[in-house]
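Report on one structure; see the data block that follows.
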Amino acid sequence: MCVFVLEKRRMPVARPEPVEARVIAHVDLDCFYAQVEQRRHPELRGKPTAVVQYNSWKGGALIAVSYEARKFGVKRSMRGEEARKACPDIHLVQVPVAHDKADLKLYRDAGSEVCAILARMGKCERASIDEVYLDITEAATARLIQDPPQCWVSLDKEALKSHVVGLATDGDATVEVGHWLQRKDAEQNDQLLACGAAIIAELRTAVLSETQFTCSAGIAHNKMLAKLASGMHKPAQQTIVPSSAVQGLLTDLPINKIGQLGGKLGHLLEVELGVKTAGDLLQFSEAKLQDLFGMNTGTWLWRTARGINGDEVQGRMLPKSHSSGKTFPGPKSLKDLSAVGHWVRELAEVLQERLDMDIEQNNRIARLLTLHAGCHLHSSGADHARKFPSQSCALRYGKEKIADDANRLFEKALRKFCPTLNLSPRKKGSTASFPWRVTGISLSASNIVATPMLKWESSAEKSTRTGVCI
Ligand code: TTP
């Protein structure tokens, strides 16, 4: 019997691991938006810099902090004024703004530049604006056959600077890492990781010389471990996770550091079962975890505690969805349908621009429109904590159509959120306010597919497409 029931689509699913070991890397750009701004404004290079959100309250919220500024204790959670107190010489750069909201195109395009370089050596999955998974099994295997580590005459400087989880380095770390990479008695899987580390070091060097960006990486036999490792030594470093070090790495690892355990599932484990670390999970048998969380998730948890993960690198460099959103914190929250309608139109316009670009550049169309919103009732009581339900419908192209559909979705969600609510227009002159506040809206376009027919469509036909219902 499954005791803990969570939303099914959010539950992790165990996938079988391949028999042959893979070589997977997770590459994460360092203080990404700050680096993009330092490249755009070369006078900021090497100086404490932070990127701030477009709102001006107390100097705006910091969303990216350069490593030079972090040395002064500047953190992402600070506001501009606070950051200036910690580091008077800090340079604060505003995020570009379009349609009265942050315009991330600059950063998205910079991320694509990096992806294109990383994809040279293997299957590449763009996991977020500045993170990529790479499956470099083939390249590492080929290198092991043609140029095994024991035969390397000179070692790549960047590879020598790798960190190896579980390797005690008392003396000169680069010498000891060099020995580890070239051990004659190393198991085949460790040799594959050594080849993977050399490949990733070369790719990171190429990223730096071609884009001026530094990145950090984790190299392991699966996605979960690679992701854990990429953040262990930053900036501009890489970390290898040999199989022999996995249990030691996981024993004291807080479970919320593991992908998919940062949310409700991790919270349940902690509150209901007292599980604080991945090591604590080891006391539960697979059958017990299946009893508690269902077959799939139970198995996934059992394997995760042991560092087993069969998720494949997806081979996707383009985003799975597009979205356009804005938050309305505190006093800026939206208080009536016309304010919501205004922002829905703005967001629909931005979304349509991105959909147009996807057709133009990648011959792809999206088929599903989803509206997410943050909303609360300003009466107290149980309703207060309820989540505003997301709503979806078939996506029709054209900013007006997207706006109309999104407004309908908002009203539908509002009726579900608060069934007793009267949404009919207020009489002219009425001062009665709506009993809800909207603190954020986001429109997303997903279910993206290729449109091969566009290849032979004339540009005149293409230009009418934005009004076409798909
Ligand atoms: P992160 O990869 O989380 O952080 P980072 O690249 O700034 O720094 P680190 O070197 O520690 O990885 O986020 C990538 C970019 O996403 C970040 O530069 C700015 C943006 N971002 C936000 O806009 N809001 C947020 O809350 C977070 C976490 C990131």
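The numbers here are math on the coordinates, done by the rules we state, and not lab data. All values reported here derive from a predicted model rather than from experimental measurement. Glycine gets a Cβ as well: all are built from the backbone with ideal geometry, and neighbour counts include every protein chain shown.
Descriptive notes on the structure:
- Over the chain: helical MRE at 222 nm, DSSP H runs n ≥ 4 each giving -39500 (n - 2.57), nearest 500: -11500 deg cm²/dmol
- Placing unit charges on the Cβ atoms of the charged side chains and taking the dipole of the chain about its Cα centre, the candidate lying farthest along the positive direction among Gln212, Leu249, Val74 is Val74.
- Three-way shape call for the stretch 265-388 based on the alpha-carbon gyration tensor, with the a/c threshold at 1.5: oblate
- Cα→Cβ-extended label distance, 7 Å offset, between Arg15 and Glu113, nm: 3.1
- Given charges at beta-carbon only (K, R positive; D, E negative), |dipole| of the stretch 220-307 in Debye: 340
- For the chain: relative contact order, % (alpha-carbon pairs under 8 angstrom, 6 or more apart): 16
- Fraction in percent of alpha-carbon pairs per bin - 10 Å, the stretch 73-191: 10, 23, 26, 22, 15, 4, 0
- The C-alpha atoms of the chain define a longest principal axis, and helix 173-182 lies at about 80 degrees to it.
- Overall, the stretch 257-400 carries a charge dipole of about 100 debye about its Cα centre when +1 sits on the Cβ of Lys and Arg and -1 on the Cβ of Asp and Glu, all other atoms neutral.
- Placing unit charges on each Cβ (+1 for Lys and Arg, -1 for Asp and Glu) gives the chain a dipole about its Cα centre, and among Gly374, Gly46, Leu281 the Cα reaching farthest toward its positive end belongs to Gly374.
- Per residue, the convex hull spanned by the Cα atoms of the stretch 146-186 measures out at 83 cubic angstrom.
- Principal axis extents of the Cα atoms in the chain, from largest to smallest and rounded to whole angstrom, are 84, 58, 58.
- Total charge dipole magnitude, the chain, about the Cα centre, Cβ charges on Lys, Arg, Asp, Glu only, Debye to nearest 20: 2100
- The angle between the Cα long axis of helix 295-305 and the longest principal axis of the Cα atoms of the chain comes to about 50 degrees, rounded to the nearest 10.
- Nearest-ten-degree value, helix 188-211 long axis tilted from longest Cα axis of the chain: 60
- Taking all pairs of distinct alpha-carbon atoms in the stretch 196-286, Kirkwood radius in angstrom: 14.6
- Stretch gain in nm, segment Arg396-Ala86, where the contour uses 0.36 nm per residue and the Cα spacing is subtracted: 106.7 nm
- Peptides 18-26, 285-293, ordered by how many other C-beta atoms sit within 10 Å of their residues on average, highest first, read 18-26, 285-293.
- Rounded to whole Å, the principal axis extents of the Cα atoms in the stretch 127-230 read 40, 30, 26, largest first.
- A protection proxy built from the mean count of other Cβ atoms within 10 Å ranks the segments 326-336, 187-197, most packed first, as 187-197, 326-336.
- Normalised contact order of the stretch 156-244, rounded percent, pairs of Cα under 8 Å and 6 or more residues apart: 33
- Spherically averaged projected area in nm², based on the convex hull that wraps the Cα atoms of the stretch 1-135: 13.0
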